[in-house]
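The values are calculated or read from the model by the stated rules, or taken from the named source; none is laboratory data. In this text the structure is predicted, and so the values were computed from the model without any measurement. Note that we place each Cβ from the backbone using ideal geometry, even for glycine, and neighbour counts take in every protein chain shown.
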Amino acid sequence: MKSNIDDYTLRKFQRGKDVEDWFIKQIEPKEKQKFLEYRGVIGFCDSVVDTAKWDNPVGIIPLEVKSITNMAFKWLDKEGAKKGHIIQNAFYAMAMNVDYHAITYIASDDYRINTYILETKDSKDEIEKIIDEFEKAVESKTIPVFAPREKWMSDLKYNNFPEFAGLSAQELQEKFIQLSEISKNS
């Protein structure tokens, strides 16, 4: 099956993977790609690290690694860690039942590094709300209207289900019924 993602974007993702692999080799984590689960939601954190020798030791925590452009790296001091990255990694921290988590940003052009250590409690309520919304949709057997939580989510090339984006609740229900019928007859 051919990907809808263009070659440039695929190379950009590969560069991010290469940068992450390089960094993980430098830090010797306790674990890599750790499977985690919280309230039935699963994920794989990039690494689990022991911060005992860090400037700010906070125990054994999940560390998420993000490769960004030099231009984006310039904005880190102004904006701090990206909200979506914080939510993702705080989820891992909740699954590990730890009070802190860290996100490392690496400028993919020259490998400058900036690491943020964040408190899990600051994102807990939002994560609980997201999971509650998901569980409610599953329980009610409805497909919620797609509402991007971040700007990049509006770009359909990153959306696994672009045919559902932009549909109203009624249109989603109709599409669900249509696909259910096709599935039954296959």
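Structure notes:
- Taken together, the residues in segment 135-172 that are at pLDDT below 85, assigned to a helix (DSSP H, G or I) and not aromatic (Phe, Trp, Tyr) amount to 5.
- When 39, 15 are checked against the criterion of being closer than 30 Å to residue 132 by Cα, surrounded by fewer than 17 Cβ atoms within 10 Å (Cβ to Cβ) and basic (Lys, Arg), 39 stands alone in meeting it.
- Selected residue (criterion: modelled with the lowest pLDDT) from residues of segment 93-134 that are among the hydrophobic types (A, V, I, L, M, F, W, C) and part of a helix (DSSP H, G or I): 134
- Residue 59 fulfils the conditions (1) modelled with pLDDT of 95 or more; (2) of a type outside the set (Phe, Trp, Tyr); (3) surrounded by fewer than 11 Cβ atoms within 10 Å (Cβ to Cβ); (4) on the phi > 0 side of the Ramachandran plot except for a single criterion, (3).
- When segment 74-91 is filtered for residues that are crowded, with 19+ Cβ neighbours inside 10 Å and touching a Ser or Thr at 6+ places or on another chain (Cβ under 9 Å), the ones remaining, listed by number, are 86, 89, 90, 91.
- Criterion: more than 19 Å from residue 115 (Cα to Cα), part of a loop (DSSP other than H, G, I, E, B) and among the β-branched types (Val, Ile, Thr) - qualifying residue of 42, 5: 5
- In the condition set (1) touching a His at 6+ places or on another chain (Cβ under 7 Å); (2) not in a strand (DSSP E or B), residue 20 is compliant with all but (1).
- Selection from segment 57-72 of residues that are touching a residue at least 40 places away in the same chain (Cβ under 8 Å) and over 19 Å from residue 106 (Cβ atoms): 58, 59
- Set side by side, the residues 7, 46 differ, and just one is among the charged types (D, E, K, R), closer than 25 Å to residue 124 by Cα and either out of contact with any His (no Cβ under 9 Å at 6 or more places or on another chain) or at pLDDT 90 or above (or both), which is 46.
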